[in-house]
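Before any comments, here is the structure.
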Amino acid sequence: MIIPAVTPNATYDFADEVRHGLSRRGQKELPSKYLYDEVGSALFEVISYLPEYGLTRADERLLRRYAGEIVDRVPAPVAVAELGSGSGKKTRWLLEELCRRQRTSYYPVEISRSALDMCERELRDIDAISIVGFEREYLDGLSEVTTYRQKNQRLLVLFLGSTIGNFDRPAGVKFLADVRRILDPGDFLLLGTDLEKPAEQLVRAYDDELGVTAAFNLNLLARINRELGANFDLSQFAHVARINRKARSVEMHLESRRLQRVKIPAARVTIEFQEGETIWTESSHKYSAMEMFKTAREAGFRCEAQWIDAEWPFAENLLVAA
Ligand SMILES: C[S@@+](CC[C@H](N)C(=O)[O-])C[C@H]1O[C@@H](n2cnc3c(N)ncnc32)[C@H](O)[C@@H]1O
């Protein structure tokens, strides 16, 4: 079952955020959550198979190998919520392990309706599972999930794929603290974090040879054309992945190939782009294994266990709400 979005103003909000982000003085920006419409969610699935993008496979290796250990640490009865589940493919390992022990309610929370549909199709064959998906932003969805939990039931929240890396470090701590406030003491958060690696490897991961990540990024302009009636000429923007050493992140930008003006009727603006000017669309922050212990404490959690993939440095961190 999917609880659909309750956002009659969705187009208006999108238009508002596009106008705001592109009219800024200095660096133009668009929120990364808008990368995920039907096309974007499908392209993200393809990215997870690219040889250059080892992140999803590392996350999956850890979940497959340690699902039993992770589940052993979370006392039953437990319900599972997942923030930004995407297709939910690698979540199968955990859910199968849990469902062998108890009937399990699984609540994916997704901004992308098509990701939620994929997720339900992907996991509904697991024995002893019940799936209720929420087409919501992370915190709104999680708050709603808590109204479904039964007495004495613990919540295991999953935030996989290093999606936390889309927040800058202070915003990441604030987000985790907001999650903590929604939870009860003794609830769990399994947090995937991509670890630091050489700059060339990271640039390749976010600018693959086939151009799938470029298409994923450019689709944001195509989406603005489709939904807000804009006239972006996609051939006049280039996908760029760049390292921000100070922030310890990889940034995705869309760079204007020439001086140009773009009309966005539903946002009631015309935006001018200089040659070489960029729109910043996403950041992926990278972590050291140790820093998650401190980050967890600052957000009101305790890091109870951590598993690290040796092939593609990536950590699965099991946090307990203090
Ligand atoms: C980087 S993908 C990760 C997907 C999956 N968890 C994985 O590890 O492969 C981020 C997912 O979060 C969803 N998402 C992004 N921003 C969101 C928001 N503000 N609220 C809810 N979901 C969001 C996207 O639709 C996307 O499916």
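List of remarks:
- Interchain or long-range residues, amide H under 5 Å from Ile3's placed H: Gly133, Phe134, Glu135
- Reciprocal mean inverse distance between Cα atoms of segment 66-128 - Kirkwood radius, Å: 11.9 Å
- Most mobile of Lys90, Lys294, Lys246 in a GNM of the chain (Cα contacts under 10 Å): Lys246
- A cut-off of 5 Å between modelled amide H atoms, ignoring neighbours fewer than 5 places along the same chain, links Leu195 with Tyr287, Phe314, Ala315.
- Percent antiparallel among DSSP beta bridges (both partners in the chain, rounded to 5): 60 percent
- For segment 90-174: Kirkwood Rh in Å [reciprocal of mean 1/r, alpha carbons]: 14.1 Å
- Under 26 Å of direct C-alpha separation, and excluding same-chain neighbours fewer than eight residues apart, Lys263 reaches these lysines: Lys28, Lys33.
- Of all aspartates and glutamates in the structure, those lying under 18 Å Cα to Cα from Lys294, and not within fewer than 8 positions of it along the same chain, are Asp168, Asp178, Asp194, Glu196, Glu304, Glu316.
- In segment 110-169, the trypsin sites (Lys or Arg not before Pro) that fall in loop regions by DSSP, at most 15 other Cβ within 10 Å: Arg124, Lys151
- Angle in degrees between helix 55-72 and the longest Cα principal axis of the chain, rounded to the nearest 10: 20 degrees
- Pairwise centroid distance, computed over Cα atoms, of segment 174-248 with segment 52-80, Å: 22 Å
- Here segment 66-221 has an Rg and Dmax of 16.5, 51 Å, counting Cα atoms alone.
- Gaussian network model of the chain, springs between alpha carbon atoms under 10 Å - residue of Val269, Val18, Val109 with greatest fluctuation: Val269
- Pairs of Cα atoms nearer than 8 Å and 6+ residues apart set the relative contact order; for segment 15-138 it is 23 percent.
- Dividing the convex hull volume of the alpha carbon atoms of segment 276-322 by its residue count gives 115 Å³ per residue.
- Dipole check for segment 1-158: with +1 at the C-beta of Lys and Arg, -1 at the C-beta of Asp and Glu, and the Cα centre as origin, the magnitude is about 500 Debye.
- Kirkwood hydrodynamic radius of segment 11-62, Cα pairs, Å: 13.3 Å
- Largest mean-square fluctuation among Ala310, Ala267, Ala241, in a Gaussian network model of the chain whose springs join Cα atoms under 10 Å apart, belongs to Ala310.
- If you sort the three axes of the alpha carbon gyration tensor as a ≥ b ≥ c, you get a/c of 1.5 or more for segment 180-224 and a/b no higher than b/c, which makes it oblate.
- For the chain, the normalised intensity computed at q = 0.07, 0.15 Å⁻¹ comes to -0.28, -1.27 (log10 of I(q)/I(0), Debye sum over alpha carbons, equal scatterers, no solvent).
- Solvent-accessible area, 1.4 Å probe, carbon plus sulfur percent, for the chain: 50 percent
- Solution diffusion estimate, µm²/s, Stokes-Einstein, segment 235-322, Kirkwood Rh from C-alpha pairs, 10 °C, viscosity 1.306 mPa s: 97 µm²/s
- Summed over the residues of the chain and divided among them, the accessible surface reaches 45 Å² per residue at a probe radius of 1.4 Å.
- The region of the chain that goes longest without hitting one of the GluC sites (Glu not before Pro) in a DSSP loop, each with at most 11 other Cβ atoms within 10 Å, is 1-208.
- The alpha-carbon positions of segment 171-322 define a convex hull whose volume is 146 Å³ per residue.
- Over all projection directions, the Cα-based convex hull of segment 1-97 averages an area of 9.6 nm².
The values are calculated or read from the model by the stated rules, or taken from the named source; none is laboratory data. Keep in mind it's a predicted model, so treat the numbers as computed, not measured. Glycine also receives a Cβ, built like all others from the backbone with ideal geometry; neighbour counts cover every protein chain displayed. Calculation scope for accessible area: heavy atoms of the full protein, side chains included, ligands and nucleic acids excluded. Shrake-Rupley method; radii C 1.70, N 1.55, O 1.52, S 1.80 Å.
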